[in-house]
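K.L.:
I have a structure here, written as structure tokens, and I will follow up with some questions on it.
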Amino acid sequence: MLFLYNIVIQFTGFLLNFVALFNLKIKLFVEGRKNVFTSLEQKIKATDKTIWFHAASLGEYEQGLPVIEKIKTEYPSHKIVVTFFSPSGYEVRKNNTVADVTVYLPLDTKSNARKFLKIVHPEMAFFIKYEYWLNYLNELKTTKTPTYLISGIFRENQMFFKWYGGFYRKALNSFTYFFVQNEASKKLLLQLGKSNVAISGDTRFDRVAAILEKDNSLEYISQFKNNTLTIVVGSSWPKDEALLLDFINKNEFNVKFIIAPHNIKDNQIELLKSGITKKTVLFSEMKGKNLADFDVFIIDTIGILTKIYSYADIAYVGGGFGNPGVHNLLEPATYGVPIVIGPNYSHFAEASALVNMGGCVSISTKKELNDNFKDLILNDAIRSEKGHICSTFVLMNKGATNIIMKTL
């Protein structure tokens, strides 16, 4: 089976080179990997001590960030190497300040894995949440490199737990220790005979809780808000926006809207703006304008949504009408903001928990959206209670990083 896996990886590499001719994201994926080994050789000496973290994309990087920062503090003489699989992670965080070296992870071939680990020679390796690249894991085991999974999630439908998943189960032997988010994941690993498991929880709670200690002020958002009740729409998709625009256009409340769409391509932004009848300004066009005069602020850039949530009185988090579902709720939650989402959230434990606790409301129809927004806008007590539930939920679930560090 490993033989077939390697054939698939090789074929995928060939196919991606072709697709890159027509797809910008795949082009970034391919082009970004061309000089990885040269970059590594320039930045890492044979005498350097290194620790390697791998994240699939931006979400996993943010999830692992509390551990990366703590490791950097505990091991100041080591170089921190961070790799990404996806362009949506690398292109946003390639200039991060916590890592000494940030690159794409070369495709998981035997030769790439050997060459990568020979150059990087990590003293420890960390995989964040998931992504089990078999050749890298096998090579880590061969080199006897301590390897850890942090904030791991395991489910019965994964290949490890299927009758045909023997070669994937074998790859788990490469891990020195598993730090998982919940009891269900631990039980599944125990069924495979893995006793090197600890329930640490989710390091994302540590990351979002730490946000409160930072300067989250944005002067232009303050000017726009102008002490007016504000609804922040984060990571919205067209299906979210179809419901939201009706409320934005028809409501007569004294309320402002900040929309940070998931897709900020020019045509999508223009389509969104053209559907709004109220006075609207784009982030890219705000210079020289009196932002307080506008009702809707569309954020056609990336990297500032976390800070924008600090100005929210109510948050709508997008993705809940798509697959796999809703985006990150924890950032608005940590600020004590009540949250509204779409119906698809069952794959996300924090969303399910917040809905059950009452801090988050799930809607499926235009009427449900309108009714819940109306209640949250008009009733300070409801807004305050739901916001308090959200912030308390984040504080109650902190501590995963300390558990990991104590075990290490």
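K.L.:
Which value results when the Cα radius of gyration for segment 25-201 is divided by 2.2 N^0.38 Å? Can you show the working numbers first?
P.N.:
Details: Rg = 15.8 Å, N = 177, 2.2 N^0.38 = 15.7 Å.
Against the empirical 2.2 N^0.38 Å value, I get 1.00 for segment 25-201.
K.L.:
Now for a different question. Counting only heavy atoms of the protein chains, get the accessible area per residue of the chain (1.4 Å probe) and round it to a whole Å² value. Write down the numbers at each step before the final one.
P.N.:
Details: 19320 Å² over 408 residues.
Heavy-atom accessible area per residue stands at 47 Å².
K.L.:
Hey, with R₀ at 45 Å, roughly what FRET efficiency would residue 75 and residue 262 work out to, going by the Cβ-Cβ distance, to 0.05?
P.N.:
Numbers: r = 36 Å, r/R0 = 0.79.
Given R0 = 45 Å and the Cβ-Cβ separation, E is 0.80.
K.L.:
Step through the residues of segment 311-326 one at a time and calculate ³J(HN,Hα) from phi using the Karplus curve (6.51 cos²θ - 1.76 cosθ + 1.60, θ = phi - 60°), rounding each to whole Hz and writing x for Gly and Pro.
P.N.:
9, 7, 9, 9, 10, 10, 9, x, x, x, 9, x, 10, x, x, 4
K.L.:
As an exercise, use a Förster radius of 30 Å and the Cβ-Cβ distance of residue 163 and residue 356 to find the FRET efficiency, rounded to the nearest 0.05.
P.N.:
Numbers: r = 34 Å, r/R0 = 1.15.
E(calc), rounded to 0.05, equals 0.30.
K.L.:
So if each residue of separation counts as 0.36 nm, and I subtract the Cα-Cα distance between residue 142 and residue 212, what length gain in nm does that give?
P.N.:
Details: separation 70, 0.36 × 70 = 25.20 nm, distance 4.24 nm.
Stretched out fully, the residue 142 to residue 212 stretch lengthens by 21.0 nm.
K.L.:
Taking each pair of different alpha-carbon atoms in segment 178-286 once, compute 1/r for the pair, average those values, and report the inverse of that mean as the Kirkwood hydrodynamic radius in Å to one decimal.
P.N.:
Result for segment 178-286, one decimal place: 17.7 Å.
K.L.:
In whole percent, and with a 1.4 Å probe on the protein chains, what portion of the accessible area of the chain is carbon and sulfur? If you can, show how the numbers build up before the last one.
P.N.:
Working: 10180 of 19320 Å².
In the chain, the share of accessible area belonging to carbon and sulfur is 53 percent.
K.L.:
Rg and Dmax of segment 282-331, using alpha carbons, in Å: what are they?
P.N.:
Looking at segment 282-331, its Cα Rg and Dmax stand at 13.3, 40 Å.
K.L.:
Give me the compactness ratio for segment 119-230, meaning the Cα radius of gyration over 2.2 N^0.38 Å. Mind dumping the intermediate values first?
P.N.:
Working: Rg = 19.7 Å, N = 112, 2.2 N^0.38 = 13.2 Å.
Cα Rg divided by the expected 2.2 N^0.38 Å: 1.49.
K.L.:
Dividing the alpha-carbon Rg of the chain by 2.2 N^0.38 Å yields what? Mind showing how you got there, number by number?
P.N.:
Numbers: Rg = 22.6 Å, N = 408, 2.2 N^0.38 = 21.6 Å.
My calculation over the Cα atoms of the chain gives 1.05.
K.L.:
Pop the C-beta distance of residue 49 and residue 388 into the FRET formula with R0 = 60 Å and round what comes out to the nearest 0.05. Show your work: numbers first, answer last.
P.N.:
Values: r = 45 Å, r/R0 = 0.75.
Once rounded, the FRET efficiency stands at 0.85.
K.L.:
Restricting to Cα pairs below 8 Å that are 6+ residues apart, what does the relative contact order work out to for the chain? Please round to a whole percent. Intermediate results must be reported in sequence, preceding the final value.
P.N.:
Working: 711 pairs, mean separation 50.3, N = 408.
For the chain, the relative contact order is 12 percent.
K.L.:
Let me ask another. Which cross-chain or sequence-distant (5 or more) residues have an amide H under 5 Å from the amide H of residue 177, H modelled 1.01 Å from N in plane?
P.N.:
HN-HN under 5 Å from residue 177: 147, 149.
K.L.:
Also, quick follow-up: For segment 65-115, what does the convex hull of the Cα positions come to per residue, in cubic angstrom?
P.N.:
That works out to 91 Å³ per residue.
K.L.:
Could you sort the peptides 341-347, 215-221 by per-residue average Cβ neighbour count (10 Å cutoff), highest mean leading? Walk me through the numbers before you get to the answer.
P.N.:
Working: 341-347: 18.6, 215-221: 13.3.
Sorting 341-347, 215-221 by mean packing, highest first, produces 341-347, 215-221.
K.L.:
Something else about it: Where the centre of each part is set by its Cα atoms, how far does segment 1-59 sit from segment 329-408, in angstrom?
P.N.:
36 Å
K.L.:
Separate question: To one decimal place, what orientation-averaged projected area in nm² is obtained for the convex hull of the Cα set of segment 216-396? Show your work: numbers first, answer last.
P.N.:
Details: hull surface 37.9 nm².
With every direction weighted equally, the projected area is 9.5 nm².
K.L.:
Treating the Cα atoms of segment 166-214 as identical point scatterers in vacuum, please give the log10 of the normalised Debye intensity I(q)/I(0) at q = 0.15, 0.18 Å⁻¹, two decimals.
P.N.:
So the normalised log intensities work out to -0.50, -0.63.
K.L.:
Between residue 111 and residue 192, 0.36 nm times their residue separation minus their Cα-Cα distance comes to what? Don't jump to the answer; show the numbers that get you there.
P.N.:
On the way: separation 81, 0.36 × 81 = 29.16 nm, distance 2.93 nm.
Here the segment from residue 111 to residue 192 would lengthen by 26.2 nm.
K.L.:
What is the spread of the Cα atoms of segment 295-408 along each of their three principal axes, largest first, in whole Å?
P.N.:
50, 33, 28
K.L.:
Another question, then. Over the Cα atoms of segment 224-325, Rg to Rh with Kirkwood Rh, two decimal places?
P.N.:
Numbers: Rg = 12.6 Å, Rh = 13.7 Å.
Here Rg/Rh amounts to 0.92.
K.L.:
Kindly provide the helix-only [θ] at 222 nm of the chain, computed as the sum of -39,500 (n - 2.57) over DSSP H runs of four or more divided by all residues, to the nearest 500 deg cm²/dmol?
P.N.:
On the way: 19 runs with 186 residues, N = 408.
Mean residue ellipticity, 222 nm, calculated: -13500 deg cm²/dmol.
The values are calculated or read from the model by the stated rules, or taken from the named source; none is laboratory data. Just so it is clear, the structure is predicted and the values come from calculations on it, not from any experiment. Heads up, the Cβs are rebuilt from the backbone with ideal geometry, glycines too, and the neighbour counts pull from every protein chain shown. Only protein heavy atoms, including side chains, enter the accessible area calculation; ligands, DNA and RNA are left aside. Shrake-Rupley method; radii C 1.70, N 1.55, O 1.52, S 1.80 Å.
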